[in-house]
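Q: Attaching a single structure in structure tokens format; questions to follow.
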Amino acid sequence: MKNIQLGLCCLFVEEPVKFRTTTLRYLKTLNRREQLCKLSEICRHNGVELLRAMKIVNKLKIKVFRISSALFPLVTHPEAGYELEELPECHELFGALEQTRIFGLEHNMRLSFHPDQFVVPASPNPLVASASRRELLHQLRVAELIGANEINIHMGGVYGDKTAVLQRFRQVFEKLPTGLQQRLTLENDDRSYTVADLIGLCRDLEIPLVYDVHHHRCNPDSFSVEEATDVASNTWRKNSVTPHFHISSPRDGWNAKNTRPHADYINPKDFPDCWLEIDVAVDVEAKAKEKAIIKLRAELQNAT
């Protein structure tokens, strides 16, 4: 078996790490100064917890970590949004983020973000496209602060014309800051955009393709799993970067009416054999989080 690094997605189920959040409804009961104080308290807490999460991930021998995009609640919201420098405890927050960056470098950790589904930069709705850009610029800022090199997104809806969406994405991408262009990755999804839909765009714009095999099985195209693995891998290798993929298993099995919901654990039979032959980072999208990683790691080692 080659070097397979299994990655944790955002949260734990057993480890004592708790990120905090708040709601717009609550913030609206406060004046602006009070809002910033409350947000500052939450963001500082989350910054400290992120560093603690990094240390736990490393202790568990996990080197690939997807960081929650909700680390700083409502930061780009049109009503309650804020700049990190506005927070009263911003110096403490920036200190924690710098410690996170240093720890990640020292322990050779691969950090990424995966913004929520509402981030659709190629949306035909100007308000959605503008909000998506704001969110991506924020993700870039945090990525720079902590040393994350990947910001992974889906293409979004088809809006009646998939070709037009892909062309609009090209135009949007060309106007993004270089740092964001260098970090952006695209992922096939389980409803609209397949590997076959995205691969040409990824090749032309030199955007790495994050291959999600569960999504591919739910939303197949002309590629086999082996072929999709190969074409996706090549979008990473041109920059000498180990490919980054996603794995999950259907909660109710492949015979269920809806195979999209994720299971608590990964069925090792769902892990493609061809992935065992390459160096690859694989985010484990399972409800049992670190427990699922530990279990899958042991099963893969026992199978070889």
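Only the coordinates and a few stated rules stand behind these numbers; no lab work does. None of these values were measured; they are calculated from a predicted model. Virtual Cβ from ideal backbone geometry, glycine too; neighbours counted across all protein chains shown.
Q: Which three extents, in whole angstrom, do the alpha-carbon atoms of the range 91-210 cover along their principal axes, largest first?
A: That works out to 47, 28, 25 Å along the principal axes.
Q: Normalised by the empirical 2.2 N^0.38 Å for globular proteins, what value does the Cα Rg of the range 1-115 take?
A: Details: Rg = 15.6 Å, N = 115, 2.2 N^0.38 = 13.4 Å.
In units of the globular-protein estimate, the range 1-115 measures up at 1.17.
Q: Okay, moving on. Sketch the reach of a paramagnetic label on Ser224 as a point 7 Å from Cα along Cα-to-Cβ, and name the residues of the range 269-300 whose backbone nitrogen lies under 12 Å away.
A: 273-274
Q: Let me ask something else about it. In whole Å, how far is the Cα centre of the range 174-232 from that of the range 135-151?
A: Going from one Cα centre to the other spans 20 Å.
Q: Between Asp116 and Val172, what is 0.36 nm times their sequence separation minus the Cα-Cα distance? Round to one decimal in nm. Please report the intermediate quantities before stating the final value.
A: Numbers: separation 56, 0.36 × 56 = 20.16 nm, distance 1.83 nm.
Length gained, Asp116 through Val172: 18.3 nm.
Q: Please give the charge dipole size of the range 210-304, origin at the Cα centre, charges +1 on K and R Cβ atoms and -1 on D and E Cβ atoms. Round to the nearest 20 debye. Spell out each step's value before the answer.
A: Working: 12 positive and 15 negative charges, 79 e Å.
The calculation lands at about 380 debye.
Q: Same structure again: Any idea what angle helix 90-106 forms with the longest principal axis of the chain, computed on alpha-carbon atoms, 0 to 90 degrees, nearest 10?
A: Tilt of helix 90-106: around 30 degrees.
Q: Within the range 177-193, name every residue whose backbone N is under 18 Å away from a label modeled 7 Å from Cα of Arg217 along the Cβ vector.
A: Counting backbone N atoms under 18 Å from the label point, the list is 188-192.
Q: Net charge near Ala143, counting Lys/Arg +1 and Asp/Glu -1 over other residues with Cβ under 9 Å of its Cβ? Could you put the intermediate results ahead of the total?
A: Details: positive: Arg141, Arg183; negative: Glu144, Glu150.
Every neighbour counted, the sum reads 0.
Q: Between 0 and 90 degrees, rounded to the nearest ten: what's the tilt of helix 32-59 against the longest Cα principal axis of the chain?
A: 40
Q: Along its three principal axes, how long is the range 210-304 when you only count alpha carbons? Whole Å, largest extent first please.
A: That gives 37, 30, 21 Å along the principal axes, largest extent first.
Q: What net charge do the residues around Ser248 carry, taking every other residue with its C-beta under 11 Å from that of Ser248, with Lys and Arg at +1 and Asp and Glu at -1? Could the numbers behind the result be given before it?
A: Details: positive: Arg217, Arg251, Arg260, Lys287; negative: Asp190, Asp212, Asp264, Asp270, Asp283, Glu285.
For residues surrounding Ser248, the net value is -2.
Q: Less than 18 Å from a label point 7 Å out along the Cα-to-Cβ axis of Arg141: which backbone N atoms in the range 113-133 qualify, by residue?
A: The answer is 113-116, 119, 130-133.
Q: List the aspartates and glutamates whose Cα lies under 17 Å from the Cα of Lys28, skipping any in the same chain that are fewer than 8 positions away.
A: Within the straight-line cut-off, Lys28 pairs with Glu41, Glu79.
Q: Rg and Dmax of the range 1-47, using alpha carbons, in Å: what are they?
A: That works out to 16.9, 57 Å for Rg and Dmax.
Q: I would also like to ask the following. Express the Stokes-Einstein translational diffusion coefficient of the chain in µm² s⁻¹, to the nearest whole number, given a Kirkwood radius over alpha-carbon pairs, 25 °C and a viscosity of 0.890 mPa s. It would help to have the intermediate numbers written out before the result.
A: Values: Rh = 20.2 Å.
Taking Rh from Cα pairs, D becomes 122 µm²/s.
Q: While we're looking at this one, here's another question. Can you give me the angle between helix 225-237 and the longest principal axis of the chain, using Cα atoms only, in degrees from 0 to 90, rounded to the nearest 10?
A: Between the helix axis and the principal axis of the chain, the angle is about 50 degrees.
Q: Ok, one more. At a Förster distance of 41 Å, what's the computed FRET efficiency of Ala256 paired with Glu14, Cβ-Cβ distance as r, to 0.05?
A: Numbers: r = 28 Å, r/R0 = 0.67.
Between Ala256 and Glu14 the formula returns 0.90.
Q: Distance between the C-alpha centers of the range 73-121 and the range 252-304? Whole Å please.
A: 29
Q: Right, another one. Sticking with the crude label model, points 7 Å out along Cα→Cβ, report the distance from Ser68 to Leu127 in nm, one decimal please.
A: Those two pseudo-labels are separated by 2.8 nm.
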